[in-house]
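Structure, as structure tokens:
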Amino acid sequence: MVLPFKKIKSKLKTTILQPEIIHFKSIDSTNKYLLDKHSYPNGTVVLADFQTAGRGRRQRIWQSPEAESLLFSIFLNENIQTIPLYLFTFLAAVSVYEGLLPFVPQKHLALKWPNDVLINGKKVCGILVETKTSANRITSIVIGIGININQNSEFFKGELKNASSLFCSKGCKFSRMEVFSSVLISIDKNLTELNQRVYTDVLAKWKNYCPYFGGKIKVDDNKNIYEGIFKDISQNGGLILETDGKEKIFYAADVSIIKENRNL
Ligand code: BTN
């Protein structure tokens, strides 16, 4: 059952994100909440302590024990039509990476295409960008972000064996609200730059934070599995893989790293 929400008045000075955060103890999915209703002010943020039907990429579920992670979504409906959708995905990943820098040494952080944030090679954050459309036009964008903060290693068993939390990687508990503030500040900053049409920065930062270019990767597009060299990101956000002497571009797939190429 969804409890009545309360609004947290955040002390953050933000330009785009709303200063009042809608906070649920429990909800089905923060993404669904923002997609279901008609509209919200641009920059509305919804945070939940627990999700009963958290959504992941490619129809997966996203789960976390109560109040041990950050589960939140951001609603945008201004200045979105002229900005390529994939940039919002990259922006979210770049912002989480930058928001985690005060807590995690940069050498331990990495981005993996399209929008996973890793610590020591393990996924600590997933991002799901969903849209509402009308007459074939995107009318709003919801950026959903799940960051694993204080879950212990028991949680990362079985199919979650390649995931981790800040607690597991650093060995100490973190204040969810401190990490949340840091990530929101960096989202707000990067969104402001994107609104000023500084497109190249998001892509350049994304590439800078991804150490896997030139390395050997495995790409699963749900039909086939390909192995090859991670060459580049295409102009519209696709992953360019060199496989069997040819370049192939993917727009939706799961990537695993076979061999890094950190010493280029
Ligand atoms: C992934 O599969 O990597 C993306 C996971 C995204 C999870 C977040 S948690 C907050 C928001 N609400 C959801 O239902 N999903 C996203």
### Query
Among the residues of the stretch 113-151, how many are open to solvent by less than 40 Å² (accessible area, probe 1.4 Å) and closer than 20 Å to Val179 by Cβ?
19
### Message
The conditions are (1) out of contact with any Lys or Arg (no Cβ under 7 Å at 6 or more places or on another chain); (2) not assigned by TED's automatic domain parsing to the domain that holds Pro102, and Lys205 fails exactly one of them. Which is it?
### Response
(2)
### Message
Of the conditions (1) more than 30 Å from Lys223 (Cβ to Cβ); (2) in contact (Cβ under 8 Å) with a residue 60 or more places away in the chain; (3) within 15 Å of the ligand (Cβ to nearest atom); (4) not acidic (Asp, Glu), Ile27 satisfies every one except a single condition; which number is it?
### Response
(2)
### Task
Spot the failing condition for Arg57; the list is (1) within 22 Å of Ala93 (Cβ to Cβ); (2) among the basic types (Lys, Arg); (3) open to solvent by 50 Å² or more (accessible area, probe 1.4 Å), and only one is missed.
(3)
#### Entry: Candidate set: the stretch 40-90, residues that are outside any strand (DSSP E or B) and of a type in the set (Lys, Arg); chosen: the one nearest to the ligand (Cβ to nearest atom)
Arg57
### Query
Name the pairs: first residue in the stretch 46-58 and among the charged types (D, E, K, R), second residue in a strand (DSSP E or B) and more than 7 Å from the ligand (Cβ to nearest atom), Cβ to Cβ under 6 Å, at least 6 apart or on different chains?
Asp49/Lys25
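The values are calculated or read from the model by the stated rules, or taken from the named source; none is laboratory data. Being a predicted model, the structure only gives us computed values, none of them experimental. Cβ: placed from backbone, ideal geometry, glycine included. Neighbour counts: every protein chain shown. We work out accessible area using only protein heavy atoms, side chains counted, and drop any ligands, DNA or RNA first. Shrake-Rupley method; radii C 1.70, N 1.55, O 1.52, S 1.80 Å.
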